[in-house]
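Q: My structure is below; once you've seen it, I'll send some questions.
The values are calculated or read from the model by the stated rules, or taken from the named source; none is laboratory data. Just so it is clear, the model here is predicted, and its values are computed rather than measured. Counting neighbours? That spans all protein chains shown, and the Cβs are built from the backbone with ideal geometry, glycine included. These accessible areas exclude ligands, DNA and RNA; they are computed on the full protein's heavy atoms, side chains included. Shrake-Rupley method; radii C 1.70, N 1.55, O 1.52, S 1.80 Å.
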Amino acid sequence: EISESGGKSSRHDTGSYYTPRPIVHYLCRDSLKSWLYKQLTDVQKDKAWQGKLEEIFSLDSSDGIDPEEIETLNKSITAGEARLIGNELDNLKACDPAVGSGAFPVALLHELVGLRQLCETRARGKDPETTDPSWLYETKFKLIESSIYGVDLQKRAVEICKLRLWLSLVV
């Protein structure tokens, strides 16, 4: 537990800062895109991945994937490339070294689920969320269990993060 050091507030004493949601999502998305680009260009020496990833990350699958988005997805990557991205995502390990309330892990979870949904839609030819009722839960569970990590000096912060991830899982 952190002791009071006579700072202006308990947030000041603990170094706790609020990061606005749009910035959190931008940082998660940009970091994920950069990581994926490095992984994919290490596997395939193809500089075209930059443009392909830009196209994929411009899509938003949070409210389902409409025909226009499927068309963009199909033009952006092949089914094999979608499977390759999915395979790379299986190897992702991300750790937030100051997890706080879990804003970054939760945002990363949403980015990863969206990317997985797009890749599986391209690889399978149909949106897995509409054809498999357990897909969303199983995907989130697997990502939380094997890809997303966080630590913090405050034990309560870690517990809050766990709770937020669990709530994201059951919603």
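Q: For the range 58-92, give me the residue count where each residue is under 14 Å from LYS33 (Cα atoms) and open to solvent by 60 Å² or more (accessible area, probe 1.4 Å).
A: 1
Q: I'm checking my understanding of the structure. Among residues of the range 133-151 that are part of a loop (DSSP other than H, G, I, E, B), at pLDDT 95 or above and over 14 Å from the mean Cα position of the chain (by Cα), which one is surrounded by the fewest Cβ atoms within 10 Å (Cβ to Cβ)?
A: My answer is SER134.
Q: Among (1) closer than 28 Å to LEU73 by Cα; (2) over 14 Å from the mean Cα position of the chain (by Cα); (3) open to solvent by 80 Å² or more (accessible area, probe 1.4 Å), where does GLU120 come up short?
A: Of everything listed in (1) closer than 28 Å to LEU73 by Cα; (2) over 14 Å from the mean Cα position of the chain (by Cα); (3) open to solvent by 80 Å² or more (accessible area, probe 1.4 Å), GLU120 misses just condition (3).
Q: Can ALA107 be described as touching a residue at least 24 places away in the same chain (Cβ under 8 Å), small (Gly, Ala, Ser), within 21 Å of PHE57 (Cα to Cα) and touching a Ser or Thr at 6+ places or on another chain (Cβ under 9 Å)? Before you say what the answer is, go through the steps one by one.
A: On the way: touching a residue at least 24 places away in the same chain (Cβ under 8 Å): yes; small (Gly, Ala, Ser): yes; within 21 Å of PHE57 (Cα to Cα): yes; touching a Ser or Thr at 6+ places or on another chain (Cβ under 9 Å): no.
Judged against the criteria, ALA107 is not a match.
Q: Output the residues belonging to the range 13-51 that are touching a helix residue (DSSP H, G or I) at 6+ places or on another chain (Cβ under 7 Å) and open to solvent by less than 40 Å² (accessible area, probe 1.4 Å).
A: Across the range 13-51, the qualifying residues are VAL24, CYS28, LEU32, LYS33, LEU36, LEU40, THR41, TRP49.
Q: Only one of ALA82, ALA48 is modelled with pLDDT under 95 and either among the aliphatic types (A, V, I, L, M) or under 15 Å from the mean Cα position of the chain (by Cα) (or both). Can you tell me which?
A: On the way: ALA82 fails: modelled with pLDDT under 95.
That would be ALA48, the only listed residue that is modelled with pLDDT under 95 and either among the aliphatic types (A, V, I, L, M) or under 15 Å from the mean Cα position of the chain (by Cα) (or both).
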